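Novice: Following this message is one structure expressed as C-alpha cells.
The values are calculated or read from the model by the stated rules, or taken from the named source; none is laboratory data. Just so it is clear, the structure is predicted and the values come from calculations on it, not from any experiment. Cβ: placed from backbone, ideal geometry, glycine included. Neighbour counts: every protein chain shown. In case anyone asks, the SASA skips ligands and DNA or RNA and just uses the protein heavy atoms, side chains included. Shrake-Rupley method; radii C 1.70, N 1.55, O 1.52, S 1.80 Å.
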Amino acid sequence: MPLPSPSLTTAPLAKNWLRFTPEGMFELQSGKVELGQGITAALTQIACNALGINANQITWVAGDTRYSPDEGFTAGSQSIEVGGQAWQRVGDIVRSHFAAAATQAMGCQIGDLELRAGTFHGTFGRQSTYHQLAQELSVAWEALRVDTENPVLVSIPTELVQVSRSDLWLKFTGDGFIHDRLLPDMWHARILRGPHPQSSATHWPLEQLEKLKGVERVLVKHEFVALIGRDEGALISAHARARQMIAWNVPTLPQQQPTDVLLPKMERHSSIAVHQAGKDNEGHQTRIKSHRLRRQYSRPFIAHASIGPACALASPVEGGGIHVWSHSQGVFKLRDQIAQALKLSAHQVVVMHAPGAGCYGHNGADDVAFDAAFIAQTWGIHVRVQWSREDELTVSPMGAASLVDIEASLDTEGHIQRWHVQVWSPTHLNRPGWGEGIQLLGAWSALPDVYPPKPQDVPLPTGGGLRNAVPAYDVGELTVEHHFLISSPVRVSALRSLGAHANVFAIESLMDELSDISGQDPLTFRLKHLSDPRARQVIQKVADMSNWHERGEAGSGTGYGMAYARYKNKAGYFALVAQVDVSERVKVRKIWACVDAGQVVHPDGLRNQIEGGILQAISWSLHESVRWNEQGVSSHDWENYPILSFLDVPQLDIQLVEDPSNPYLGSGEVATGPCAGALGNAVAHALGVRARHLPLSPDNLILAMNQTDEPNQI
C-alpha cells in the first residue's frame, strides 16, 4: 500500500509529529499553517479522533522550523489532502502501537480496550494513559516509524470529538495577527522602495532622511535603505515624507494594453504542444462537423491586495543566529533562503509562523521576513518591519496574466469532436526555494551578488499557467499548447489557483457559447459531455438549487450563469450558478454552489473556504487589474486598485456532498475558476452580449458591446 501522504517521507518518525509533555499534554506538530482557512481546527480534529484524545488536552505547534515536520508549502489545496492524510496515518499507528502496549501492561486483549481522553481502559477497572505507557516504551517510541507502507492497525471504541476554531477570538479582539506581536526592546522599520520591484533611487538624500521626525537610524546597504525608530506612528509619517524626496529610475515597461494584445507580443521561452490526447468521440467519428468556433479569453495581472500589509519580526540570538516570525506559507524554504542570503547555516535561522492577513499565494510575507532578518543581523536589534499599502500593491508578487485561445468543433448532433487550447502566460511560480537562486526582494537590493533567478514553470497535469487547461469534459481530440513567456512587466508568482482562474473562465465561457450555437441548454450540454458521476452530481445539484430551468430569456438585464470544474482535474469537484443584474455595472445578487471534497472533516471550515474563495473570485472577476505606466505600477492604492466591497457581497447558498467513504480532496481553490466562468456566462445571459476579457468592468462591457464577433466556421 503506498504512503497516503508525501509528508511521511520527510518526517518518518512518530516523534516528528507528537510529543508527550511533562504536564500531561499532547503537543501536536504540523507543517501546514493557518492562513485563515481554518485548517488548524480540521487537522486537530483528525489527530484527536485518531489518537482518542480531547481538544483540551493538546497544544498545537505549526510552521516552526525547530519542531514542526517539513511539509513544504501550505498551498495547492493540500492541507487536508496531504497534511490531514499524514496525521490520520500518524494517529492510527500511534494508537495501535500504544494499544498493544496497553494490553501487555493490563493483561487483556485488544478487544477488551476502550480509549477515552487519552486513557486506555481494560478489564477489571484497569487503565493506563499514553503518558504512562510512553515512559515504559521510551526506546521503542524514539524509533517508531509512521512511513511503513503496510502497518498493522487496530480499531478501538472511542468518543469522536468536534473541534471548533481556536484562532478567531484573538483575531476578533485585536491580538491574533503577526501585526499585533511585540518583542522586548523592539524597534520599528520601514523600507524605502520605488514604484516597481526593479526601480532604484537616482540619489539617496541621507542627511534629509536622518533629520525626519521619528527616524532614529538609517540603514543603507547598496540599494536597501531602511528607516528605523521606536515610534511606529512617527515612522509611518516619516516614511511617507521620505518617498516624496526621492526620484526613481524605473525600468522600461511595455505600454499598458489589453491582455489579449500585450501577451502575444512578449518574449517567449517556448511554444510547444504539451498535451495531446484522445480522438474524435467514439461513435461520432463519421459525423460531419457542423460548427468550428474559435474564441479568446483573458485575465489581467492581479494583486494579492491583502487587507493587512506584509509584516515580520526578527531577533538576533547568541552565536550569530536569527529568529524570525513570519506569515510565510513555506517556513522551511524561507529559512533556507534567509540562511543562504545571510551566509548562515540553516540551523542558525529559526522561522516561526504567525498568522497574517489572508493572501493564498506568494505575497510579500517572505520578502518582509528577509527585511527584518537583515536589519536584525546587521544592527543586532529586535525589529518589526511592516510594508506600506503602496509596497503591497507595487513590489510584491502579482498573479500572472493569461490569454487563452480555444478552438472547438461540434458535430451535427451537438457533440464536441475536437478541442485545441493555447495559453500565453508568464510563470505563476517564483516562490522562495522554487528552483535555483534567491527569491527575496530585499536580498536583490542589499546584497551585490544576489540577482533574481530565471523564471521557471511546471508541466501538466499540475501546471502553472496550464493548471486546469485540460477541460473536465469529454471533448474528443484534445491538444494543449503552451506559450511560456519569460518576461513580465510586473513581478509575478503564485496566486490562489494559479492559471486555473483564467483557464476555467475560458473553458466554461466557450461551453456556453458552444451550447448556444448548437441550440442546447447549457446544463444539458455540460451533462452530455460529462461521464464522471461525481461531476454530474454537483452540476445537477446546483441546477436544482437555483431553479435553473426558470432562469428566463437572455437580454433582460438579469442573468444566470453556470460553470463547473474539478480543481487540478484531481481535487475537489465544484459547480456554481450566479445570478447578476447588469445596468451601469455588474451586481452579483446570489450564488448557489455545490462542492464534493470527498470525506468532509470540518463542514463549517469547508463552507468558510468556499465562501471566501467565491468572494475573492468575484472581486478578481469584476474589479481587479494591475495598472502601470512609465513611472511604474500605478494601481498603488485602493482608489486605483478597487476590490469587492462589503456592500456588494451577495447572498450565498453552499451545499456540501458528504461521503465518508471517499478520500479527502483539496478544496481551498476549487471556487475561483468556476466563479469567474459563471459570472461571465451570467453577464452574457443578462446582456445578450459576451464579454471575454476580465475584469467584467463597465469599460470592458462597453468594449464587448461595441465589438463584432468573427462568424462561426462551418
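Novice: Helix-only estimate, please: 222 nm mean residue ellipticity of the chain, summing -39500 (n - 2.57) across DSSP H runs of length 4 or more and dividing by its residues, to the nearest 500.
Specialist: Value at 222 nm, helices only, nearest 500: -8500 deg cm²/dmol.
Novice: Another one. So how do S661, S306 rank on accessible area, 1.4 Å probe, biggest first, that is with the largest at the start?
Specialist: Values: S661 95, S306 0 Å².
The most accessible residue leads, giving S661, S306.
Novice: Another question, then. Output ³J(HN,Hα) for region 236-241: one whole-Hz value per residue in order, computed from phi by the Karplus curve 6.51 cos²θ - 1.76 cosθ + 1.60 with θ = phi - 60°, and x for Gly and Pro.
Specialist: Per-residue couplings from phi come out as 4, 5, 5, 4, 5, 5 Hz.
Novice: A further question follows. Suppose all protein chains stay in the model; what accessible area per residue would a 1.4 Å probe give for region 585-702, in Å²?
Specialist: Values: 4220 Å² over 118 residues.
Here the residues of region 585-702 average 36 Å² of exposed surface.
Novice: For a quick size check, give me the Cα extents of region 60-114 along its three principal axes, largest first, whole Å.
Specialist: 46, 24, 14
Novice: Same structure again: Could you provide, to the nearest whole Å², the per residue accessible area of region 467-576 with probe 1.4 Å?
Specialist: In whole numbers, region 467-576 has 29 Å² accessible per residue.
Novice: Per residue of region 580-594, in order, report the coupling 6.51 cos²θ - 1.76 cosθ + 1.60 (Karplus, θ = phi - 60°) as ³J(HN,Hα) in whole Hz, putting x for Gly and Pro.
Specialist: Along region 580-594, the couplings run 10, 10, 10, 10, 6, 8, 8, 10, 7, 8, 8, 10, 10, 9, 9 Hz.
Novice: Using C-alpha positions alone, give me the convex hull volume of region 24-112 per residue in cubic angstrom.
Specialist: Values: hull volume 9.4 nm³, N = 89.
In region 24-112, the Cα hull volume divided by residue count equals 106 Å³.
Novice: At 25 °C and 0.890 mPa s, grab the translational diffusion coefficient of region 169-230 from Stokes-Einstein with a Kirkwood Rh over Cα pairs, rounded to a whole number in µm² per second. Each step should come with its number before you reach the end.
Specialist: Values: Rh = 14.0 Å.
Taking Rh from Cα pairs, D becomes 176 µm²/s.
Novice: Continuing with this model, one more query. Placing +1 at every Lys and Arg Cβ and -1 at every Asp and Glu Cβ, with all other atoms neutral, what dipole size does region 630-714 have around its Cα centre, in debye to the nearest 20? Show your work: numbers first, answer last.
Specialist: Working: 2 positive and 11 negative charges, 53 e Å.
Its charge dipole is roughly 260 debye.
Novice: How long, wide and thick is region 557-714, going by the Cα atoms along their three principal axes, in whole angstroms, largest first?
Specialist: Taking the Cα atoms of region 557-714, the three principal extents are 52, 46, 29 Å.
Novice: So, one more: Any idea what the dipole of the chain comes to, in debye rounded to 20, about its Cα centre with Lys/Arg Cβ at +1 and Asp/Glu Cβ at -1?
Specialist: On the way: 58 positive and 73 negative charges, 109 e Å.
Value, rounded to 20: 520 debye.
Novice: Pull out a ≥ b ≥ c, the square roots of the eigenvalues of the alpha-carbon gyration tensor of region 529-588, then state rounded if a/c is under 1.5, prolate if not and a/b is larger than b/c, and oblate in the remaining case.
Specialist: Prolate.
Novice: Show me the ranking of peptides 20-28, 7-15, 487-495, 615-623 by mean Cβ neighbours inside 10 Å, starting with the highest. Write out the running numbers ahead of the final one.
Specialist: Values: 20-28: 14.8, 7-15: 18.7, 487-495: 22.4, 615-623: 24.9.
Taking the mean over residues of other Cβ atoms within 10 Å, the ranking is 615-623, 487-495, 7-15, 20-28.
Novice: Tell me, what ³J(HN,Hα) does each residue in region 632-642 have, in order and in whole Hz, if you take phi through Karplus 6.51 cos²θ - 1.76 cosθ + 1.60 with θ = phi - 60° and put x for Gly and Pro?
Specialist: x, 6, 9, 8, 9, 8, 5, 5, 9, 9, x
Novice: Among the listed pairs K528/K590; K528/K570; K541/K590; K265/K568; K15/K171; K32/K171, which are separated by more than 23 Å between their Cα atoms? Could the numbers behind the result be given before it?
Specialist: Values: K528/K590 26 Å; K528/K570 21 Å; K541/K590 16 Å; K265/K568 28 Å; K15/K171 31 Å; K32/K171 19 Å.
Pairs exceeding the cut-off: K528/K590; K265/K568; K15/K171.
Novice: Run the Debye formula on the Cα coordinates of region 358-488, all scatterers equal and no solvent, and tell me log10 I(q)/I(0) at q = 0.09, 0.15, 0.21 1/Å.
Specialist: So the normalised log intensities are -0.41, -0.82, -1.24.
Novice: Return the long-range amide H neighbours of V154 (sequence gap of 5 or more, or a different chain), with a cut-off of under 5 Å between placed amide H atoms.
Specialist: S96
Novice: Sticking with this structure for a sec: Let me know the shape class of region 306-407, please: from the alpha-carbon gyration tensor, a ≥ b ≥ c as square roots of the eigenvalues, rounded when a/c is under 1.5, otherwise prolate if a/b is greater than b/c, or oblate. Working shown, then result.
Specialist: Working: a/c = 2.59, a/b = 1.87, b/c = 1.39.
Prolate, because a/c is 1.5 or more and a/b exceeds b/c.
Novice: Restricting to bridges with both residues inside the chain, how much of the DSSP beta-bridge set is antiparallel, in percent to the nearest 5?
Specialist: Details: 83 of 117 bridges.
Given both bridge residues lie in the chain, the antiparallel proportion sits at roughly 70 percent.
Novice: When Lys and Arg each count +1 and Asp and Glu each count -1, what net charge do the other residues less than 12 Å away from E142, Cβ to Cβ, add up to?
Specialist: Working: positive: K15, R19, R145; negative: none.
Charge balance near E142 sits at +3.
Novice: Give me log10 I(q)/I(0) at q = 0.16, 0.21, 0.29 Å⁻¹ for region 452-510, Debye formula, one equal scatterer per alpha-carbon, no solvent.
Specialist: Reported log10 I(q)/I(0), two decimals: -0.56, -0.90, -1.42.
Novice: Rounded, prolate or oblate: which fits region 413-496, taking a ≥ b ≥ c as square roots of the Cα gyration tensor eigenvalues, rounded meaning a/c under 1.5, else prolate when a/b beats b/c?
Specialist: Values: a/c = 3.94, a/b = 3.36, b/c = 1.17.
Taking the square roots of the gyration eigenvalues as a ≥ b ≥ c, region 413-496 is prolate.
Novice: As an exercise, take the mean of 1/r over every pair of distinct alpha carbons in the chain, invert it, and state the Kirkwood radius in angstroms. Let's see the in-between values first.
Specialist: Working: mean 1/r = 0.0368 Å⁻¹.
About 27.2 Å, per the Kirkwood formula over Cα pairs.
Novice: May I pose another question? Among V600, S509, S497, which residue has its Cα positioned farthest towards the positive end of the charge dipole of region 490-646, with +1 placed on the Cβ of Lys and Arg, -1 on the Cβ of Asp and Glu, and the dipole taken about the Cα centre?
Specialist: Of the listed residues, the answer is V600.
Novice: Let me know the Rg and Dmax you get for region 502-557 when you use only its Cα atoms, in Å.
Specialist: Final numbers for Rg and Dmax: 12.0, 34 Å.
Novice: In vacuum, with every alpha carbon of region 550-644 counted as one equal point scatterer, what does the Debye formula give for log10 I(q)/I(0) at q = 0.12, 0.17 Å⁻¹? Two decimals, please.
Specialist: -0.56, -0.92
Novice: Let me ask something else. I'd like to know which of L133, S30, A55 lies farthest towards the positive end of the charge dipole of region 1-154, counting +1 on Cβ of Lys and Arg and -1 on Cβ of Asp and Glu.
Specialist: L133
Novice: Could you rank the peptides 87-94, 396-403 by their average count of other C-beta atoms within 10 Å per residue, with the highest value first? Provide the component values of the computation, followed by the final result.
Specialist: Numbers: 87-94: 23.9, 396-403: 28.0.
Ranking the peptides 87-94, 396-403 by packing returns 396-403, 87-94.
Novice: Provide, as a two-decimal number, the C-alpha radius of gyration of region 482-605 over 2.2 N^0.38 Å, N being how many residues it has.
Specialist: On the way: Rg = 16.6 Å, N = 124, 2.2 N^0.38 = 13.7 Å.
Scaled against compact globular proteins, the figure is 1.20.
Novice: Scan around S30 for amide H atoms under 5 Å from its own, H built in the peptide plane at 1.01 Å from N, and keep only partners 5 or more places away or cross-chain.
Specialist: V61, A62, G63
Novice: Something else about it: In what order, largest first, do V542, V649, V218 sit by accessible area if the probe radius is 1.4 Å?
Specialist: Details: V542 0, V649 65, V218 25 Å².
If we order V542, V649, V218 from most to least accessible, we get V649, V218, V542.
Novice: Suppose accessible area is computed on protein heavy atoms with a 1.4 Å probe; arrange E508, E669, E318, E550 from highest to lowest.
Specialist: From most accessible down to least: E318, E550, E669, E508.
Novice: Over the alpha-carbon set of region 91-135, work out the extent along each principal axis and list the three values in angstrom, largest first.
Specialist: 26, 18, 18
Novice: For region 71-128, what is the relative contact order in percent, using Cα pairs closer than 8 Å and at least 6 residues apart in sequence? List each step's numbers first, then the result.
Specialist: Working: 35 pairs, mean separation 12.3, N = 58.
Here the relative contact order equals 21 percent.
Novice: Same structure, new question: Across all directions of projection, what mean area in square nanometres is found for the Cα convex hull of region 455-555? Don't jump to the answer; show the numbers that get you there.
Specialist: On the way: hull surface 35.8 nm².
It is 9.0 nm².
Novice: Shifting gears a bit: If contacts are Cα pairs under 8 angstrom and at least 6 residues apart, what is the relative contact order of the chain in percent?
Specialist: Numbers: 1638 pairs, mean separation 99.2, N = 714.
Answer for the chain is 14 percent.
Novice: Something else: Once the Cα atoms of region 370-414 are picked out, what are the Rg and Dmax in Å?
Specialist: Cα radius of gyration and Dmax of region 370-414 are 23.9, 75 Å respectively.
Novice: Provide, as a two-decimal number, the C-alpha radius of gyration of region 69-225 over 2.2 N^0.38 Å, N being how many residues it has.
Specialist: On the way: Rg = 27.4 Å, N = 157, 2.2 N^0.38 = 15.0 Å.
Cα Rg divided by the expected 2.2 N^0.38 Å: 1.82.
Novice: Return the long-range amide H neighbours of R116 (sequence gap of 5 or more, or a different chain), with a cut-off of under 5 Å between placed amide H atoms.
Specialist: For R116, whose amide H was placed from the backbone, the distant partners under 5 Å are H121.
Novice: Provide Rg and Dmax in Å for region 127-205, with only Cα atoms included in the calculation.
Specialist: That works out to 26.0, 75 Å for Rg and Dmax.
Novice: Further question: Using a 1.4 Å probe over the heavy atoms of the protein chains, calculate the carbon and sulfur portion of the accessible area of the chain as a whole percent.
Specialist: The computed percentage sits at 50.
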